[in-house]
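So the structure is just underneath, and the comments pick up after that.
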Amino acid sequence: MVFSTVSRRCWFGALLLAASGHAAAVDTYPLPPSGTDLVGEIRIEYARQEDTFLDIARRNGLGYDEIVAANPGVDRWLPGEGTPVILPLEHILPDAPHEGIVVNVPEMRLYYYPGGEGVVKTFAISIGRMDWHSPLGTTRIVAKQVNPTWTPPASIKAEHLAKGDPLPDVVPGGPDNPLGTRAMRLGIPGYLIHGTNNPNGIGMRVTHGCIRMYPEDIERLFPEVPVSTKVTLVNQLAKLGWKDGRLYLEYHSPLEEDEIPTDKQISDTVTMIHSRLPNVQLSAPDIVETVVRQASGMPVAITP
């Protein structure tokens with residue numbers, strides 16, 4: 001993909017924010033003051049000789065697809081010693097109540113608002129494959145389990161059997177369990193927020209509909225989330241937010257099964273912006289189209 005003016009702004013802006021050495025994973029941010037909707041900041045990490053995007057993503061609490069989207073043109077499997085890699089660690093908070101857990105499915109990111117603490121915690125996740133959708137809507141955490149067992153449903157057992165990889169009726173808790181060491185059951189039957197024994201899949205569409213997290217992330221989140229916590233699952237491709245008096249747009253690629261043509265993505269986003277802010281003055285006539293086509297997942301200022 002060729003870098004446009006917006007990409008160059010993101011790139012050079014990130015370079016200005018970069019610190020020397022390697023970035024540390026940051027997932028907890030103070031809730032922004034009134035009139036501000038963004039948390040975090042874009043950073044740079046300089047790749048080591050042996051690094052892949054999988055390594056850099058996990059070190060920084062990012063998912064695979066989001067670090068790929070932020071770094072078009074960089075070799076994801078061998079960036080090379082000293083190559084600057086953008087870390088998309090700035091986020092517009094989803095348009096949902098700042099309560100409990102909020103999952104933005106196409107963003108493949110979970111936000112947790114612990115009550116009374118004035119902070120938001122955000123984590124990369126994996127979601128359901130095209131043929132195994134992750135759910136949308138509002139539910140709650142109804143149960144929690146350490147070292148959960150897994151009872152594969154008949155549909156998943158049939159899928160594995162067809163591949164010559166039969167599953168047992170029950171997979172005991174332990175290092176080989178696909179649910180990892182922690183699981184939180186949703187009120188939607190059959191769906192969990194859980195860990196994994198395959199962390200390389202975080203940030204991809206690889207699950208049977210559950211929300212999957214890095215092992216270290218679920219182990220930190222698990223004790224903080226009480227049973228009955230509200231969980232809101234949304235499908236927000238475009239997120240709008242204000243920072244320092246400027247309007248930002250963050251755009252994520254739609255789920256494949258939604259089959260939304262690019263032109264409709266652009267027109268829908270323009271309509272959303274003008275319906276919410278009818279008098280908004282954009283910084284360039286094609287700024288929204290550029291951000292949507294790139295779908296970098298990073299907030300871009302779209303007003304002067």
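The values are calculated or read from the model by the stated rules, or taken from the named source; none is laboratory data. Note that the structure is predicted; figures quoted are calculated from it, not measured. So basically every Cβ, Gly included, is an ideal-geometry build from the backbone, and we count neighbours across all protein chains shown.
Here are a few things to note about the model shown:
- Selection count where residues are within 30 Å of Ala124 (Cβ to Cβ) and either out of contact with any Ser or Thr (no Cβ under 8 Å at 6 or more places or on another chain) or part of a helix (DSSP H, G or I) (or both), scope the range 278-299: 11
- Every condition in (1) without any contact (Cβ under 8 Å) to a residue 60 or more places away in the chain; (2) touching a Pro at 6+ places or on another chain (Cβ under 6 Å); (3) under 22 Å from Arg246 (Cβ atoms) is met by Ala70 except one, and the failing one is (1).
- Scanning the range 199-240 for residues that are under 15 Å from Asp55 (Cα atoms) and without any contact (Cβ under 8 Å) to a residue 12 or more places away in the chain yields one hit, Glu216.
- Here Leu221 does not qualify as outside the structural domain of Ala183 (by TED's automatic domain parsing) and modelled with pLDDT of 95 or more.
- Qualifying residue in the range 243-255 (condition: in contact with a helix residue (DSSP H, G or I) (Cβ under 6 Å, 6 or more places away or on another chain) and assigned by TED's automatic domain parsing to the domain that holds Gly297): yes
- The set of residues from the range 247-267 being surrounded by fewer than 15 Cβ atoms within 10 Å (Cβ to Cβ), without any contact (Cβ under 8 Å) to a residue 40 or more places away in the chain, under 22 Å from the mean Cα position of the chain (by Cα) and not in a loop (DSSP other than H, G, I, E, B) comprises Asp258, Thr262.
- You will find that of Gly128, Gly209, Gly203, the residue that is among the small types (Gly, Ala, Ser) and modelled with pLDDT of 95 or more is Gly203 and no other.
- For Gly100: the one exception among (1) more than 25 Å from Arg185 (Cα to Cα); (2) of a type outside the set (A, V, I, L, M, F, W, C); (3) touching a residue at least 60 places away in the same chain (Cβ under 8 Å): (1)
- Under the condition of being within 19 Å of Gln236 (Cβ to Cβ), surrounded by fewer than 16 Cβ atoms within 10 Å (Cβ to Cβ) and in contact with a Pro (Cβ under 7 Å, 6 or more places away or on another chain), the residues counted in the range 269-304 number 0.
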